[in-house]
Amino acid sequence: MRKQGAWYVKYWGGGKYTTPGIPDLLCCIKGRFVGIETKGPKGRSTEEQLRKIEAIRAAGGVAVVMYPSAFDEFRTWCESDFRVGKPIIMK
């Protein structure tokens, strides 16, 4: 994604010094703040993760839960400047 002008950092959660529910990837894509919670094929989001996603969206950012099978959909969505709706979960 850095080749396309995006910036991102992997947030390592867990432990007593981090905030629960912060998305795994914190990004800036085309000038927009994007939080991405990544999951394995059978992974599930916690209630705290979903609350943080909603808080990011309420603040005007973009936030999603993304599964491996949805990467191409996510890339297309980013390239469309996030105009194809605002999905929370991309499976």
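The values are calculated or read from the model by the stated rules, or taken from the named source; none is laboratory data. Because the structure is predicted, anything quoted here is derived from the model rather than measured. All Cβ positions, even for glycine, are placed from backbone atoms using ideal geometry, and neighbour counts span all protein chains on display.
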Regarding the stretch 53-63, can at least one residue be identified that is touching an Asp or Glu at 6+ places or on another chain (Cβ under 9 Å) and among the charged types (D, E, K, R)? no
Counted residues in the stretch 23-52 being farther than 17 Å from Lys10 by Cβ and either of a type in the set (A, V, I, L, M) or not in a strand (DSSP E or B) (or both) come to 11
Residues of the stretch 53-62 being surrounded by fewer than 17 Cβ atoms within 10 Å (Cβ to Cβ) and in a helix (DSSP H, G or I), in sequence order, are Glu54, Ala55, Arg57, Ala58
Within the stretch 65-80, the residues that are at pLDDT 90 or above and either part of a strand (DSSP E or B) or of a type in the set (Asp, Glu) (or both) are Val65, Met66
